[in-house]
Every structure is written in structure tokens, then in C-alpha cells.
1. Can you pull out every residue in the stretch 75-91 that is surrounded by 16 or more Cβ atoms within 10 Å (Cβ to Cβ) and touching a strand residue (DSSP E or B) at 6+ places or on another chain (Cβ under 9 Å)?
2. Go through the stretch 2-42 and report how many residues are part of a loop (DSSP other than H, G, I, E, B), closer than 25 Å to E196 by Cβ and of a type in the set (F, W, Y).
3. What are the pairs, 6+ residues apart or on separate chains, where a residue within the stretch 1-18 that is closer than 25 Å to V237 by Cβ and of a type in the set (S, T, N, Q) has its Cβ under 8 Å from a residue that is at pLDDT 90 or above and not in a loop (DSSP other than H, G, I, E, B)?
4. All but one of (1) under 24 Å from H168 (Cβ atoms); (2) within 23 Å of the chain's Cα centre (by Cα); (3) among the polar types (S, T, N, Q); (4) in a loop (DSSP other than H, G, I, E, B) hold for S266; state the number of the condition that does not hold.
5. State which residue is nearest to P11 (Cα to Cα) when the search covers only the stretch 43-75 and only residues that are assigned to a loop (DSSP other than H, G, I, E, B) and of a type in the set (A, V, I, L, M, F, W, C).
6. Which residue out of L87, L81, L124, L130 is under 30 Å from Y268 (Cβ atoms) and touching a helix residue (DSSP H, G or I) at 6+ places or on another chain (Cβ under 7 Å)?
Amino acid sequence: MKIEDLNYNLPDEDVDEKDFDIDKWRKDNPMDYFKAVYMLLSSVDLYPSLPRDIIFATYFEAIYKVTRQYIPNTLYKFCSLTDDENLNEIKLDTLRNKKIYMSDIKAFNDPFDGKAYYYNPEELKGIERLKEFDGKLIDDFTKFHKGTALTENDTSCMPMWAHYANNHQGYCVAYNMKEQQEPAFYACTFPVQYTEDRLDITTFMKRYATLISSDVDSQVTNGNKIIKLNDISIIYVAQFLCNIKHATWQYEKEFRCTIAANAEGSPYIDAIPQAIYIGMNCSENNRKKLVEIATELSIPVYQMEFDELSENYTLKAKII
């Protein structure tokens with residue numbers, strides 16, 4: 001799908017705020033970052049007389065407010081504990097210090113993460129400043145961000161324990177997002193969109209590179225020692241599109257917290273836990289440490305168990 005082929009008719013009916021059903025709205029209107037990009041980039045055509053940076057910032061803020069409507073009250077993070085005691089201690093200390101580790105996107109378990117969009121450098125070779133770089137304006141968009149994955153799936157979800165908590169040997173942490181006292185954690189968390197489509201942004205990249213090159217040339221001619229760019233639409237586009245994965249991952253119900261790769265405090269972000277859940281196969285040593293951390297943080301801690309007497313496959317949490 002080419003970015004220039006995006007076209008959406010936006011609804012113009014008023015929203016009934018009095019009887020607004022957020023769950024129904026989320027189901028009827030799943031997050032669509034392609035639509036967000038379309039709205040963002042088409043905004044400058046609606047207000048040609050206004051500065052581009054102001055228009056993009058205004059529209060990004062408006063779309064960002066919509067993304068907040070998708071954040072549920074509680075999100076969960078499943079974590080593994082293995083035979084690597086040093087790594088285990090790092091993870092447990094991170095939890096104890098009310099932080100979450102933000103890894104490189106390349107370190108995620110999906111090698112196709114960050115592949116939801118692309119551009120053809122051949123189309124940019126005609127731009128003088130990019131000739132020596134074979135038309136590449138950006139080599140790897142994933143270098144912009146570090147991130148961590150959370151999920152709306154609660155602790156009854158067996159695949160999450162199997163895939164991300166080392167076959168139930170690890171633990172899960174619940175975070176209250178609506179009352180999260182660390183604003184950056186809430187502010188940087190976005191819903192993930194699942195799709196089978198990739199977006200070709202070559203036209204946007206070519207237009208953006210041409211615009212930036214012209215601006216740089218003008219500032220160099222004027223003798224500017226420091227080049228300042230007013231158009232950061234490429235950052236907005238990357239921020240939206242980095243939250244897209246292939247449709248086969250939909251069962252994960254992922255939400256992604258992302259920060260700038262060079263953000264203050266990187267590679268960690270502050271996040272206050274609401275509760276800790278211990279996997280049913282967690283070792284006794286690690287179990288004791290998790291209970292100690294929960295006590296230090298004054299939060300509840302639960303032991304996961306399989307209900308042997310239930311007619312259903314049921315995982316239940318027993319408070320300790």
C-alpha cells in the first residue's frame with residue numbers, strides 16, 4: 001500500500017458523551033495508525049498559509065489524545081526468570097526500583113518488528129545531498145526508539161505465561177494505567193495495531209528529503225552555523241508506525257511503551273507496580289524474592305495455580 005493511496009472519509013457526526021460506551025467504541029473503531037498518518041500529512045494542505053511545524057504539532061496532539069482512549073485501566077507485563085542468576089537479579093532489582101527496562105526494538109522477539117513501513121532509496125537518489133548515501137535518508141527507523149511490550153491479557157492467559165514468563169517459571173506485574181503516578185510511562189504507551197499490510201512511504205520520504213535539503217542549503221548559504229529544522233513530521237510518522245505488527249500476533253493484545261533512544265534515564269522508565277503474580281513453576285528461591293519485593297513495595301502478591309478440579313482450563317491467582 002502506497003502512502004499516497006491512503007484516503008479516509010472521517011466521520012462528522014457528534015459523539016454522545018453522556019451515554020458514551022468506551023468498550024463498544026474501541027471495538028467499533030480499532031486503532032488505525034495508517035489513518036493517523038493520513039490525517040497528519042494531509043493537514044498541511046488544509047492550512048497552506050500556516051507554518052508546517054505548528055500544523056503538524058497541533059494535529060499530532062489531537063491524534064495523540066485519541067490514542068489515550070484505548071489505554072485500559074490495567075496492563076500486564078510478563079517476565080521470565082531463568083538459570084542465569086545474574087540476569088534474574090537485574091530483573092528483580094529493576095522491579096524493586098519501580099522501573100521497566102526499555103530494549104532496542106531489534107531485540108524484540110519478532111524480527112519483522114519495525115517492518116510495517118518502508119521506502120525505496122532509489123527514488124531519492126536524485127536529491128543532491130543524498131547521492132553519496134545511495135538515496136538513504138534513514139537506514140533504520142527502529143534506532144529512533146527503545147521500548148517494552150505490555151499486554152491487556154490478564155494472568156489467566158496461558159500463552160503469555162508460556163511465551164514470556166519462561167513456561168510459568170517467571171512472574172507477571174500488573175500496572176494501573178489510569179492512576180499511574182509516573183506520567184511518562186502512561187504518556188509513552190500506545191495500543192498496537194495488527195495488520196497484514198505494509199505502508200510504502202517513499203513519496204513522503206522523497207518530499208520530506210527535498211524539503212529538508214532545500215532548507216539546509218538555504219541556511220548554509222545564509223551562514224548559519226547551527227541548522228534548525230521546523231518540520232519534524234518524520235518523527236511523528238515514525239512514532240505512529242512503530243506501533244504496528246503483523247496480524248498473526250493479534251492474540252497478544254499488545255500495548256507498547258516507547259521512548260526516544262537517547263531519552264533521559266534510558267534504557268529505563270519509571271513505572272509503579274500494582275501487583276505481582278508468581279508463575280506456578282517459579283523456583284522457591286525466586287518466589288521468596290518476589291514476595292520480599294512485594295512486601296517492600298506494599299503491594300499484593302499472588303501465586304498462580306492450575307485449578308485441578310475445574311471442568312475448564314483455569315489458571316487462578318491465590319493471594320499470599
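The values are calculated or read from the model by the stated rules, or taken from the named source; none is laboratory data. No experiment lies behind these values; they were computed from the predicted model shown. Reconstructed Cβ throughout: ideal geometry from the backbone, glycine too, with neighbour counts over all protein chains shown.
1. As a first pass, look at the stretch 75-91 and keep what is surrounded by 16 or more Cβ atoms within 10 Å (Cβ to Cβ): 75-81, 88, 91.
Correct list: L75, Y76, K77, F78, C79, S80, L81, K91.
2. Restricting attention to the stretch 2-42, the residues satisfying the condition of being part of a loop (DSSP other than H, G, I, E, B) are 6-21, 29-32.
Among the residues that remain, those that are also closer than 25 Å to E196 by Cβ are: 6-11, 29-32.
Those left that are additionally of a type in the set (F, W, Y): 8.
Summing the residues that are part of a loop (DSSP other than H, G, I, E, B), closer than 25 Å to E196 by Cβ and of a type in the set (F, W, Y) in the stretch 2-42 gives 1.
3. Note: pairs meeting the criteria are N7/Y38.
4. Result: S266 passes all but (1).
5. Narrowing the stretch 43-75 to residues assigned to a loop (DSSP other than H, G, I, E, B): 47-51, 69-73.
Restricting the remaining residues to those that are of a type in the set (A, V, I, L, M, F, W, C) gives 50, 71.
On the way: L50: 25, I71: 22 Å.
Per the criteria, the residue is I71.
6. On the way: L87 fails: touching a helix residue (DSSP H, G or I) at 6+ places or on another chain (Cβ under 7 Å); L124 fails: under 30 Å from Y268 (Cβ atoms); L130 fails: under 30 Å from Y268 (Cβ atoms).
Being under 30 Å from Y268 (Cβ atoms) and touching a helix residue (DSSP H, G or I) at 6+ places or on another chain (Cβ under 7 Å) holds for just one of L87, L81, L124, L130, which is L81.
For (1) of a type outside the set (V, I, T); (2) surrounded by 15 or more Cβ atoms within 10 Å (Cβ to Cβ); (3) within 30 Å of A275 (Cα to Cα), each residue gets a yes or a no:
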residue	(1), (2), (3)
A162	yes, no, yes
C172	yes, yes, yes
D217	yes, no, no
S233	yes, yes, no
